[in-house]
Amino acid sequence: MKLSERTKFIKPAVTLAIAAKAQKLRSQGVDLINFSAGEPDFDTPERIKQAAIGALKKGMTKYTEVRGIEPLREAIAEKYRREYNVHYDKDDVLVSCGAKHALYNVFQAMLDPGDEILIPAPYWVSYSDMAYLAGGVPKILPTTEETGFRITPQELHKALTPRVRAFVLNSPCNPTGAAYSGADLKALGSVLEGHDCLIFSDDIYEKIIYDGFRFENLLTVNPKLRDRTVIFNGVSKTYAMTGWRIGYALGPAPLISAAGKIQSQSTSNPTSIAQAAALEAIRGPQDEVETMVAEFQRRRDVIVERLGSIPGLTCFNPQGAFYVFPNILRLLGKKANGKKLASACDFADYLLEEARVAGVPGEDFGSKENIRFSYAASLEDVEKGCQRIETAIKKLG
Ligand code: PMP
Ligand code: GLU
């Protein structure tokens with residue numbers, strides 16, 4: 001069958017593909033430790049579920065405004081005023097089917113064929129394929145562990161050529177967990193001031209931060225960038241609501257309106273009752289978030305310590321999100337059951353077969369020498385998984 005040209009440029013999201021494979025193995029009775037899924041293992045808090053049930057009972061079963069119900073857009077704008085002193089009106093907000101969908105709509109609305117989009121690596125798997133789908137060209141800017149997987153102002157300055165139409169900032173970052181402090185953002189902001197490009201700030205892990213790290217918004221530290229910045233966020237990670245599919249974008253009204261037009265010709269509104277749940281999530285008491293983050297931090301401490309002590313691995317200590325991205329370079333070239341491990345993909349396959357641990361290889365995140373493990377799994381599974389990884393690595397020849 002003849003498929004469109006654009007389908008040839010993109011791959012299925014490897015994160016979702018491996019998570020599905022891991023779930024299938026588990027359902028077949030395989031005793032698998034699943035470090036692949038990029039989603040909290042906690043259930044959605046009860047008060048949020050009740051809000052959806054209440055909305056359903058009240059008959060909130062019809063189309064809503066395409067860009068999301070007004071109270072939700074108002075609550076999102078209010079959150080940004082309250083938490084970051086960044087002022088948006090409800091009409092500057094677009095609610096979509098997940099932050100992924102909000103990003104997709106904005107990429108479609110803002111990129112023209114040939115436009116370059118600057119993406120620091122390692123990066124979340126979907127940015128580059130979304131850029132391709134909009135006719136754009138991803139331009140990858142590698143970072144290293146030496147600079148904490150953060151780009152420096154000098155590197156940014158050099159990479160911002162006139163062809164760059166947009167720059168993606170993701171802090172805390174999926175897959176490294178690296179986060180930019182207010183001072184870092186200030187320095188990057190000064191560089192961005194001198195270059196007329198859009199800035200896409202993906203803040204989806206804003207609340208999942210450790211050791212007292214203070215999350216700052218780029219626009220709090222540099223309000224001058226407001227007219228060309230779009231902020232992306234959502235309820236998936238903060239409130240354990242990945243399946244509800246509610247995310248959003250905030251930005252200058254003309255841009256948000258253009259992205260909304262694209263949404264109106266594709267999905268229409270995000271699910272009505274999921275919007276009611278998201279409203280409760282954002283407006284209601286926030287104590288569950290703290291409890292979940294404290295638990296993530298306990299797991300992070302264990303996984304970083306355990307993986308870092310395995311000969312052949314080094315493990316960067318993330319400031320946020322719920323991933324570790326250990327370096328496996330010293331293991332590549334070794335033999336597993338007579339076969340050479342030539343890539344991170346080979347290593348991930350080996351761990352799945354030998355140790356029954358699912359992780360996501362670094363290639364699709366823009367790194368050939370790392371593997372991503374998500375510690376959105378019970379502490380018991382974290383400990384068991386680390387033990388299995390260690391045993392499997394010791395068997396390499
Ligand atoms: N951005 C990043 C960096 C992510 O890791 C994810 C993961 N799902 C998303 C955006 C999209 O999240 P969602 O569509 O569930 O809101
Ligand atoms: N973002 C999550 C991950 O990286 C969920 C999967 C996806 O949306 O790609 O695993």
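Each value in this text was obtained by applying a stated rule to the coordinates, not by laboratory testing. What you are looking at is a predicted structure, and each value in this text was computed from that prediction instead of being measured. Note that each Cβ is placed from the backbone with ideal geometry, even for glycine, and that neighbours are counted across all protein chains shown.
Nearest-5 percent of antiparallel DSSP beta bridges in the chain?
That works out to approximately 45 percent antiparallel.
Pick from TYR63, TYR248, TYR123 the residue whose mean-square fluctuation is largest in a GNM of the chain, springs joining Cα atoms under 10 Å.
TYR63
Percent of Cα-Cα pairs more than 15 Å apart in region 51-116, please.
66
Around VAL230, which amide H atoms from residues at least 5 apart in sequence, or from another chain, sit under 5 Å from its own amide H, with H modelled in the peptide plane?
So VAL230 has HN proximity to ILE199, PHE200, SER201.
Please list the non-local residues whose amide H lies under 5 Å from the amide H of LEU111, H modeled 1.01 Å from N, same-chain partners needing a gap of 5 or more.
none
Determine the relative contact order of region 268-358: mean sequence separation of Cα pairs under 8 Å and six or more apart, normalised by residue count, in whole percent.
Rounded, it is 13 percent for region 268-358.
State which entries of LYS90/LYS158; LYS21/LYS62; LYS2/LYS139; LYS100/LYS158; LYS24/LYS100; LYS237/LYS368 exceed 32 angstrom in Cα-Cα distance in the structure shown.
Details: LYS90/LYS158 36 Å; LYS21/LYS62 35 Å; LYS2/LYS139 29 Å; LYS100/LYS158 29 Å; LYS24/LYS100 24 Å; LYS237/LYS368 26 Å.
The pairs that break the limit, which is 32 Å between Cα atoms, are LYS90/LYS158; LYS21/LYS62.
Over the alpha-carbon set of region 65-210, divide Rg by the Kirkwood Rh and report the Rg/Rh ratio to two decimals. If you can, show how the numbers build up before the last one.
On the way: Rg = 15.6 Å, Rh = 16.2 Å.
Result: Rg/Rh = 0.96.
Once you keep just the Cα pairs under 8 angstrom separated by 6 or more residues, what percentage relative contact order results for region 1-128?
18
So for the chain, averaging the separation of alpha carbon pairs under 8 Å that are six or more residues apart and normalising by length, what relative contact order in percent results?
After rounding, I find 23 percent.
Given bins 20 angstrom wide, list per bin the percent of all Cα-Cα distances in the chain, short to long.
Once binned at 20 Å, the Cα pair distances of the chain give 27, 58, 14, 0.
Roughly how big is the chain's charge dipole about its Cα centre, with Cβ charges of +1 (Lys, Arg) and -1 (Asp, Glu), in debye to the nearest 20?
Details: 50 positive and 48 negative charges, 189 e Å.
The dipole of the chain has a size of about 900 debye.
Scan around ALA121 for amide H atoms under 5 Å from its own, H built in the peptide plane at 1.01 Å from N, and keep only partners 5 or more places away or cross-chain.
LEU141, THR143
Just to check I understand the Karplus step: with θ = phi - 60° and J = 6.51 cos²θ - 1.76 cosθ + 1.60, what whole-Hz values come out for region 148-163, glycine and proline as x?
x, 6, 10, 6, 8, x, 5, 4, 5, 4, 5, 7, 7, 7, x, 6
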